[in-house]
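Take a look at the structure below.
The values are calculated or read from the model by the stated rules, or taken from the named source; none is laboratory data. Here the structure is a predicted model, which means the values were calculated and not measured. Cβ coordinates were reconstructed from backbone atoms using ideal geometry, including for glycine residues, and neighbour counts include every protein chain displayed. Please note that ligands, DNA and RNA were not included when accessible areas were found on the heavy atoms of the full protein model with its side chains. Shrake-Rupley method; radii C 1.70, N 1.55, O 1.52, S 1.80 Å.
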Amino acid sequence: MQTGSFSNSKPGLSGFELAAYAAGALVLLFVAAPLCSLALRTSLPSLFETARDAQVLKSIRLSLLTSLAASLLFSIPAIPFAWLLARRHFFLKGLMLALIDLPVVVPHSTAGIALLSVLGGRSCLGGFIKRFGLSVIDHPAGIALAMAFVSLPFLVNSAREGFAAVPERLEKAALNLGASQVRVFFTVSVPLAARAILTGLVMMFARGLSEFGAVLIVAYHPMTAPVLIYDRLSTYGLRHAGSAALLFLAVSLAVFVVLRTIAGGRRHARS
Amino acid sequence: MLEVENISCALDNFTLAGITFAVRDGDYFVMLGRSGAGKTVLLELLCGFIRPSAGRIRMDGNDITFEPPGRRLMAIVYQDKALFPHMTVRENIAYALPRNLRPLADRLASDVGAAHLLDRYPGTLSQGESQRVALARALARRPRILLLDEPTASLDTPARSSIRSLLRKINSAGQTIIHVTHDYEEALALATRVAVLEEGRIVQAGTPDEVFHRPKSEFVANFTGIPNFFRGIVRCGEDGCLFETAGVAFRVADDAPPGSACAVFPSDCVTLSLCRPEGSARNVFQALVMETEQARHGIDAVLDIGIRIHALVTRSAARELDISAGRRVWAAFKASSVRVIPAEG
């Protein structure tokens, strides 16, 4: 690693750098150790057994599908809103930006209870839905809403930064060439912010996938993978829960890596 | 015909106040002004990206002051070109074309000499190439008026002269152009009409001859800098190049391109004396002083050497030589102080 701009020779590591490397190793160890331990403590046969467990597979599939649905569905209003936040100044914009970030700091159990108070059978909205014989509580729709609630900031913020990085002049040039605002949005703004939008979608999806607290409160059943792992832990103990946890971890990791690669793979020659 | 009437507009850091001018069909209208004089803002006002606080913009008599940008038929070429980086050159040019006319992009590209670039991305183009593509993209819109923001500012000399000749070609095909620049050479090389913008106002407008020969204010004179400018022909022979205008010929630098051109030289490069000065590199003329005027840095003397030239002399020199109307003196200026700006090609 080159530290000086004066010579090309590699100077030795300074004391500070050495300490920083050591600190980094500690941080990485802290993240990796529990996961490694989980992997090492789980026997292969029990993992295979879990992989054939219909209940486990169902919960993983439910997690993947609800999180995907939440991300895609909410991207429809979130992406134009992110563009607005990046481009325009309007009344109470600061407050809106703070509001968007709020789900990140709200404890997730609180988020779940808050959602329940809006969607539950005794609330206005919940009552209205109930009149049609429907309920989002203990239903995949409720799970998707709980996931969206806690993960939406990732998409909005990433897309907003992406739009802000697109030179406004390109949008003006397109308008000047006679394109409608809608056409400018879809042919100039979105393609140029695509990487940030995709990254935001992946982050939102990943965050939704791993959500436990809010989902647990809105819908214990049908069980998503995190809820099932908790259920197994409290019913059968660590050994049983461990293999399901590892399986879910592996699936999440694989999906995450694939999506990150897709999101990161789109590059343009920029002027 | 575009009429801008009394447009005012206050932005964060400066104001445009009472801007009035008219651009006739087929004009090459150059708006001269220092950086920060409000030139780009003026173009964005014409495009509809900025709303004026007062005044009217009319196109062929129709009020378009508040018409949305997409309906104005004014195509702007920004200084940074603003090409879409994620589209090929072909897609860029075709952006303004309806789907069934997309194939026209190829012809537009060859009109501006960019046919070989069609499949490339803007990030791979040189400044001059980007400028050609940006022009083709704007022309695809079939604009009533083409708006250019410093179109040659970032170019090197050869690219600049080829872009200038392209602009001349576009204008002579009937395209009305409004071109803003801080460079008086652009105005001399291209304009049929010139307006000078200073601190948010138009201080003078007219033909290049009017504006450069009879600057109305000290600002215009200082800004254009050069009251000595002439249209004529450069002829090059064995012994160097001569610039001929109105029956007078003077020597210019040997590398001047032959053909129609403007010649300019600063008035402070003209030296006056009572005896004929020596030296072969100089243009020496017998001159009759027509009039004198106080200028900020001395005396501005108008001399007749067959053409009228301006000489800026210090007050002490003017006293010594007794410069006054009717006096005969020798006037000299170096060939190297004459700047030749090709007006064709």
Item checked: Beta bridges per DSSP with both ends in chain B, % antiparallel, nearest 5 -> 75
Margin query: What does the charge count around B:Leu303 come to, taking other residues whose C-beta lies under 14 Å from its C-beta (Lys +1, Arg +1, Asp -1, Glu -1)?
Written below: -2
Check: Roughly what angle does helix B:127-139 make with the longest principal axis of chain B, taking Cα atoms, 0 to 90 degrees, to the nearest 10?
Finding: 60
Note to self: Which of rounded, prolate or oblate describes chain A when judged by the alpha-carbon gyration tensor and an a/c cut-off of 1.5?
What the structure shows: oblate
Check: Say R0 is 60 Å: what FRET efficiency, to the nearest 0.05, do B:Asn62 and B:Ser165 get from their beta-carbon distance?
Finding: 0.95
Notebook entry, point to check: Is the shape of the protein assembly as shown rounded, prolate or oblate, going by the alpha carbon gyration tensor and its root eigenvalues a ≥ b ≥ c, with a/c under 1.5 for rounded and a/b larger than b/c for prolate?
Noted result: prolate
Notebook entry, point to check: Taking chain A as a Gaussian network, where each spring joins two C-alpha atoms under 10 Å apart, which residue of A:Ala111, A:Ala32, A:Ala78 fluctuates the most?
Noted result: A:Ala32
Next item on the list: Please identify the helices of chain A, taking whole runs of DSSP H, that span at least 30 Å along their own axis as judged from the Cα atoms and have a mean Kyte-Doolittle score of 1.0 or higher.
Entry: A:15-41, A:54-87, A:140-164, A:238-264
Check: In segment B:153-181, which residues have a backbone nitrogen under 17 Å from the label point lying 7 Å from B:Ser35's Cα in the Cα-to-Cβ direction?
Finding: B:153-156, B:180-181
Margin query: Give the separation of the Cα centroids, segment A:165-179 to segment B:99-116, in Å.
Written below: 21
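Using helices alone, I'd like the mean residue ellipticity at 222 nm for the protein assembly as shown: each DSSP H run of four-plus residues gives -39500 (n - 2.57), total over residue count, nearest 500.
-14500 deg cm²/dmol
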Checklist line | For segment B:30-44, Karplus couplings with θ = phi - 60° (6.51, -1.76, 1.60), whole Hz, Gly/Pro x | finding: 9, 9, 9, x, 5, 4, x, 7, x, 5, 5, 4, 4, 5, 5
Checklist line | Number of partner chain Cβ atoms within 10 Å, mean per residue of B:68-76 | finding: 4
Note to self: Give me the one-decimal nm value for the distance between modelled label points at B:Glu244 and A:Arg122, 7 Å along each residue's Cα-to-Cβ direction.
What the structure shows: 10.5
Checklist line | Qualifying trypsin sites (Lys or Arg not before Pro) for segment B:234-298 [loop in DSSP, other Cβ within 10 Å: at most 12] | finding: B:Arg296
Notebook entry, point to check: What cysteines in the protein assembly as shown have no other cysteine with a beta carbon less than 4.7 Å from their beta carbon?
Noted result: A:Cys36, A:Cys124, B:Cys9, B:Cys47, B:Cys262, B:Cys269, B:Cys275
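Which percentage, to the nearest 5, of the DSSP beta bridges contained in the protein assembly as shown is antiparallel?
Expressed as a percentage, antiparallel bridges in the protein assembly as shown total about 75.
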Note to self: Over chain B, with a Gaussian network built from C-alpha contacts below 10 Å, which listed residue (B:Ser267, B:Ser316, B:Ser165) shows the highest mean-square fluctuation?
What the structure shows: B:Ser316
Margin query: So, R0 is 45 Å and r is the distance between the beta-carbons of B:Ala173 and B:Glu278; what FRET efficiency does that work out to, to 0.05?
Written below: 0.30
Check: Among all stretches of chain A without exposed chymotrypsin sites (Phe, Trp or Tyr not before Pro) (DSSP loop, at most 10 other Cβ atoms within 10 Å), which one is longest?
Finding: A:133-271
Notebook entry, point to check: Restricting to lysine pairs 8 or more places apart or on different chains, what number in the protein assembly as shown have Cα atoms under 25 Å apart?
Noted result: 7
Check: Can you give the accessible area buried between chains B and A, summed over both chains, with a 1.4 Å probe, in Å² to the nearest 100?
Finding: 2000
Next item on the list: Within segment B:96-129, find all residues whose amide N lies under 15 Å from a label point positioned 7 Å from the Cα of B:Asp255 along Cα-to-beta-carbon.
Entry: none
Next item on the list: Quick one: among B:Asp106, B:Asp255, B:Asp239, which has the greatest mean-square fluctuation in a GNM of chain B with alpha-carbon springs under 10 angstrom?
Entry: B:Asp239
Checklist line | Cα-centre dipole for the protein assembly as shown with unit charges at Cβ (Lys and Arg positive, Asp and Glu negative), debye to 20 | finding: 2000
Next item on the list: Leaving ligands, DNA and RNA out of it, report the carbon-plus-sulfur percent of the accessible area of segment B:1-114 at a 1.4 Å probe.
Entry: 48
Checklist line | Phi-based couplings in Hz for segment B:62-75 (Karplus 6.51, -1.76, 1.60; Gly and Pro marked x) | finding: 8, 6, 10, 3, 10, 5, x, x, x, 9, 8, 6, 10, 9
Check: Based on the Cα gyration tensor of segment A:143-187, what are the three equivalent ellipsoid semi-axes, each the root of five times an eigenvalue, rounded to whole Å and given largest first?
Finding: 31, 13, 5
Check: In segment B:149-219, what GluC sites (Glu not before Pro) fall in a loop by DSSP, with at most 15 other Cβ atoms inside 10 Å?
Finding: B:Glu199
Item checked: Among A:Leu253, A:Leu198, A:Ala22 - extreme Cα towards positive end, dipole of chain A, charges at beta-carbon -> A:Leu198
Check: How far apart, in nm, are two points set 7 Å out from the Cα along the Cα-to-Cβ line at B:Leu101 and at B:Ser324?
Finding: 6.8
Notebook entry, point to check: Quick one: helix B:157-172 against the long Cα principal axis of chain B, what's the angle to the nearest 10°, folded into 0 to 90?
Noted result: 70
Next item on the list: Would you work out the charge dipole size for chain A about its Cα centre, treating the Cβ of every Lys and Arg as +1 and the Cβ of every Asp and Glu as -1, and quote it to the nearest 20 debye?
Entry: 620
Next item on the list: Place a +1 charge on the Cβ of each Lys and Arg in chain B and a -1 charge on the Cβ of each Asp and Glu, then give the dipole magnitude about the Cα centre in debye, rounded to the nearest 20.
Entry: 660
Note to self: Around B:Leu101, under 12 Å between beta carbons, what's the net of Lys plus Arg minus Asp minus Glu among the other residues?
What the structure shows: +4
Check: What does the average come to when, for each residue of peptide A:181-191, you count the partner chain Cβ atoms lying within 10 Å of its Cβ?
Finding: 2
Next item on the list: For A:Leu72 paired with B:Ala10, estimate the spin-label separation in nm (one decimal), with each label point 7 Å from Cα along the Cα-to-Cβ line.
Entry: 5.3
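Taking segment A:96-169, which trypsin sites (Lys or Arg not before Pro) meet the DSSP loop condition and have no more than 13 other C-beta atoms within 10 Å? If you can, show how the numbers build up before the last one.
Working: sites: A:Arg122, A:Lys130, A:Arg131, A:Arg160, A:Arg169; in loops: A:Arg122.
Within segment A:96-169, the qualifying trypsin sites (Lys or Arg not before Pro) (loop, at most 13 other Cβ atoms within 10 Å) are A:Arg122.
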